[in-house]
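Here is the structure we will look at.
The values are calculated or read from the model by the stated rules, or taken from the named source; none is laboratory data. For clarity, every value in this text was computed on a predicted model and none was experimentally measured. Cβ coordinates were reconstructed from backbone atoms using ideal geometry, including for glycine residues, and neighbour counts include every protein chain displayed.
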Amino acid sequence: MTATPAPWRTLVSAGQLRERLADGADVALLDCGFDLADTAAGERAFAQGHLPGALYAHLDRDLCGAKTGRNGRHPLPERAAFAARVGAWGIGPRTLVVAYDAQGGVYAARAWWMLRWLGHEAAAVLDGGSAAWLAQGGVLETRPGARTPGPAYPASASAPGTPLAPSIEVEALQEAMARGEAIVIDARAPERFRGDIEPLDPVAGHIPGALNRFFKDNLGAGGCFKSPGVLAAEFAALGAAAARRGPASVVHQCGSGVTACHNLLAMAHAGLHGSALYPGSWSEWCADPRRPVARG
């Protein structure tokens, strides 16, 4: 009897995905394509062609909660609400989930992180996205995917504080930083981090003391993630303190808690587990004028 292959937990290649699908494995594909400047673009692209059987996961509707004007541009939804959405996608604890997009994996990484936030470990991102799928001889289809809806993802697996994907709120982050216990890594482009420009939020700049690791630096020339060894070395090079104190001391943020997940995925792929996400990120931080701002 052939043993069941171990589930992927970070990245999967297009070739590996094709083999698993050919074997008839229960794989839920989530197309997470999105465009912050045109929030309907991803859904239009999905209608024009997507991986066979894929469902569409919309950043604002499915991977985001209600905005208050003070909690960031893409706050996390209530855990129970996301558990219900995942169940409606036909995803249960034994389902292997592969998320993908055509934007370098940035939105797929958000879905990956949120599934882990629920306690779902069998989740991965398609390395290279839909372009890699096509390059490996895969085809696209226009018929919407269909999976049998199920109950909400089990509450026992969705308990707050799951070690798979820790998060931190702004007050706790400020306290940890004041104690020198948190190393903050900002995933935004360098010009946004410095405060030279700010196209999305009302205040330019960054959290004082944060380090900058542009999420696109996780990718090689072909659009796939760099090797685990290269990624581990590059994250270690961000600062001696980060390397010495370990990944559990690292908090990832960006503009709104989306591209930060790309850095979280890169670290996990490199074997650096335990870092936290600050979901509100810069868009929440700068919404309160009492919080300090750094530039340069």
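Quick notes on this one:
- Restricting attention to the range 129-145, the residues being assigned to a helix (DSSP H, G or I) and modelled with pLDDT under 95 number 0.
- Search result, residues across the range 186-198 that are touching a Ser or Thr at 6+ places or on another chain (Cβ under 8 Å) and either of a type outside the set (D, E, K, R) or in a helix (DSSP H, G or I) (or both): ALA187
- Among residues of the range 160-207, those that are small (Gly, Ala, Ser), surrounded by 14 or more Cβ atoms within 10 Å (Cβ to Cβ) and under 19 Å from the mean Cα position of the chain (by Cα), counted: 4
- Residue count, the range 80-128 (criterion: touching a helix residue (DSSP H, G or I) at 6+ places or on another chain (Cβ under 9 Å), among the charged types (D, E, K, R) and not in a helix (DSSP H, G or I)): 3
- Residue in the range 245-254 that is in a loop (DSSP other than H, G, I, E, B), among the small types (Gly, Ala, Ser) and in contact (Cβ under 8 Å) with a residue 60 or more places away in the chain present: no
- Qualifying residue in the range 27-39 (condition: more than 27 Å from GLY220 (Cβ to Cβ), touching a strand residue (DSSP E or B) at 6+ places or on another chain (Cβ under 9 Å), touching a residue at least 24 places away in the same chain (Cβ under 8 Å) and not in a strand (DSSP E or B)): no
- Residue check, GLY90 surrounded by fewer than 20 Cβ atoms within 10 Å (Cβ to Cβ) and modelled with pLDDT of 95 or more: yes
- Those residues of the range 21-44 which are among the charged types (D, E, K, R) and either surrounded by 22 or more Cβ atoms within 10 Å (Cβ to Cβ) or at pLDDT 95 or above (or both), in sequence order: ASP31, ASP35, ASP38, GLU43, ARG44
- Qualifying residue in the range 2-11 (condition: surrounded by 14 or more Cβ atoms within 10 Å (Cβ to Cβ), free of Cβ contacts under 8 Å to residues at least 24 places away in the same chain, closer than 30 Å to GLY137 by Cβ and out of contact with any Lys or Arg (no Cβ under 8 Å at 6 or more places or on another chain)): no
- Condition met for ALA108 (of a type in the set (A, V, I, L, M, F, W, C) and surrounded by fewer than 21 Cβ atoms within 10 Å (Cβ to Cβ)): no
- Residues located in the range 256-296, provided they are surrounded by fewer than 24 Cβ atoms within 10 Å (Cβ to Cβ) and acidic (Asp, Glu): ASP288
- Long-range neighbours under 6 Å by Cβ, at least six apart or interchain, first residue buried (at least 18 other Cβ atoms within 10 Å of the Cβ) within the range 208-229, second small (Gly, Ala, Ser): PHE214/ALA189; PHE215/ALA187; ASN218/ALA266; LEU219/GLY104; CYS224/GLY128; LYS226/GLY220
- The range 92-114 residues that are within 14 Å of ARG9 (Cβ to Cβ), paired with ones that are aromatic (Phe, Trp, Tyr) and assigned to a helix (DSSP H, G or I) (beta carbon under 7 Å, 6 or more apart): ALA99/TRP112
- Identity of the residue in the range 40-55, within 20 Å of the chain's Cα centre (by Cα) and in a loop (DSSP other than H, G, I, E, B), that ends up nearest to ARG147 (Cα to Cα): ALA54
- Test for PRO75: is it outside any helix (DSSP H, G or I) and at pLDDT 95 or above: yes
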